[in-house]
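Have a look at the structure below before the remarks.
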Amino acid sequence: MQLNFGDTLNGDAINTMVYLGGYYTGDAQFRYTSDLYSGEVNYLLSETSDPLRLTSGFRYARLNEEIDFTLFGDPTDNLQVENDLYGWQLGLERSTLPRSDSIFSACLFGKPGIYFVDSRLTNITYPGVYNDTVNDSQYGVAFIGELGVKGSAQITERFSLDAGYQLMYIEGVALAGEQATSISANTIPQFGQVNSGGLLYQGFMFGGTLLW
């Protein structure tokens, strides 16, 4: 069995522009954040010494996104989405450095899986002033596909520290940008349902693997 933990991907972007409409001139700021956390337990269907290894197991992932819009220095809108994903995945690993040579190893890997997703949305218009709030939630089916390269340092016979680079595509989750199309700074946004979409993450990964 394999226990993998610690995969975290984050994004943060801030755009500032000058508003010249009407009788006002000032700054409008838009901030978008996206955080993905993931942990998994996999059953190793091959020997650890095999150069090509097949795995199957359970993954839990959490995707949080937030959009803040500020006009003339005053908060205008805050939109938050949360997604909890639970599902089963298959994995394939191809060793590029043998474990027998040293405590260091490297592999290429791929993991596709189908997930149950619980999506939740909270939107607050004029936070701290009117605090007009809209909440919504939705259940559905999502997909996660992951490709990457990973290097490992064998700390003990059963535990290793991992670092690498990964691409992860997620489809069927609530994204802040998908909900923001219904937001107006001048009216209370109304949501009939959570809108689902897809996104591609890329970045460095850090974590550990426990074998038993």
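Here is how the numbers come out for the structure above:
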| read-out | value |
| --- | --- |
| In the stretch 72-122, the residues that are within 17 Å of the chain's Cα centre (by Cα), surrounded by fewer than 20 Cβ atoms within 10 Å (Cβ to Cβ) and either assigned to a loop (DSSP other than H, G, I, E, B) or charged (D, E, K, R) (or both) | 82, 84, 118, 120 |
| Cross-chain or 6+ apart pairs with Cβ under 8 Å, the stretch 117-130 first and over 9 Å from residue 79 (Cα atoms), then outside any strand (DSSP E or B) | 119/194; 120/194 |
| Close pairs from the stretch 50-68: first within 28 Å of residue 96 (Cβ to Cβ), partner among the hydroxyl-bearing types (Ser, Thr, Tyr) and not in a strand (DSSP E or B), Cβ under 6 Å, at least 6 apart | 53/46; 54/46 |
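Each value in this text was obtained by applying a stated rule to the coordinates, not by laboratory testing. Predicted model only: the values in this text are computed from it and were never measured. With ideal geometry, Cβ positions are generated from the backbone for all residues, glycine too; neighbour counts draw on all protein chains shown.
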